[in-house]
Amino acid sequence: MGLRLVVFDLDGTLVDSIEAHAEGWAFAIGALGLAKVNAESIVDLIGLPGDAIVKSILGEPGLTHYPRIRRLKDRHFLRQVAVGRVRPYPDTIWCLDHLRRGGYLLGIATSTPNYILLPVLERLEMLDYFDYTVGGDEVSRGKPNPDIFLRVLEKASVRPEEAVVVGDTVYDAEPARRIGMVSVLVTRGRSVRVDSSPASLVIRDLAELCDLL
């Protein structure tokens with residue numbers, strides 16, 4: 001069977017938001033006096049569930065503070081969205097239009113919880129492009145476990161071999177590959193060793209993806 005469903009990660013794939021997320025975590029942890037953290041040191045963690053990010057920064061004891069950290073971080077991030085600092089990449093809307101015209105079903109599977117995901121998609125006028133959305137709060141195990149991708153496949157009634165996952169990190173490519181989905185890694189200018197990537201395909205941007213689909 002051919003490909004029917006294209007599943008996107010959100011942050012760093014469709015939307016230029018990685019720095020805003022990292023700054024939000026650093027701000028929240030600092031504001032609570034838990035640690036002084038440089039946002040740049042958090043960038044590579046974006047894509048993991050929030051509790052995994054906090055555990056990586058503060059260790060297991062830091063999880064006791066997670067609800068307060070999460071509230072401050074989310075408020076900070078949504079302020080960045082409101083002032084226009086978080087935006088779709090220049091090729092995002094064009095690519096989504098192209099895929100819709102090609103008859104593909106479109107989905108999002110992201111660690112971002114739905115109470116953030118859906119307002120952000122609405123604000124950026126992207127929500128109507130997607131047939132299926134799965135936020136990180138819909139599954140008990142977040143990336144790099146494959147549960148979030150299994151959930152979107154279930155919603156779409158699509159088999160793994162009929163779907164492709166498009167993301168910007170190993171947290172997307174590795175679990176997708178493990179369950180038999182085609183995985184595409186978008187580098188967005190980052191240096192990635194193709195021979196060491198778990199992705200089926202490494203591309204520079206979404207224009208390159210649309211050339212292939």
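The values are calculated or read from the model by the stated rules, or taken from the named source; none is laboratory data. Small disclaimer: the values here were computed from a predicted structure and weren't measured. What goes into the accessible areas is simple: the full protein's heavy atoms, side chains included, and nothing from ligands, DNA or RNA. Shrake-Rupley method; radii C 1.70, N 1.55, O 1.52, S 1.80 Å.
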- Message: At 1.4 Å probe size, put GLU125, GLU23, GLU161 in order of accessible surface, largest to smallest.
- Response: GLU125, GLU161, GLU23
- Task: Give the carbon-plus-sulfur fraction of the accessible surface of the chain in %, rounded to a whole number; probe 1.4 Å, heavy atoms of protein chains only.
- Result: 50
- Quarter of Cα convex hull surface for segment 1-85, i.e. mean projection, nm²: 7.0
- Message: I'd like the per residue volume of the convex hull spanned by the Cα atoms of segment 32-153, given in cubic angstrom.
- Response: 123
- Where the chain is the region considered: accessible area per residue in Å², 1.4 Å probe: 47
- Task: Quick one: what are the phi-derived ³J(HN,Hα) couplings along segment 114-130, Karplus 6.51/-1.76/1.60 with θ = phi - 60°, whole Hz, x for glycine and proline?
- Result: 4, 5, 9, 4, 5, x, 5, 4, 5, 4, 8, 6, 10, 4, 5, 6, 9
- Message: Run the reach check for LYS36 against aspartates and glutamates, Cα to Cα strictly under 20 Å, same-chain hits fewer than 8 apart removed. What comes back?
- Response: GLU19, GLU23, ASP44, ASP51, GLU60, ASP74
- Note on the structure: Quotient of Cα radius of gyration and Kirkwood radius for the chain, i.e. Rg/Rh, equals 0.96
- Roughly what angle does helix 18-31 make with the longest principal axis of the chain, taking Cα atoms, 0 to 90 degrees, to the nearest 10? 20
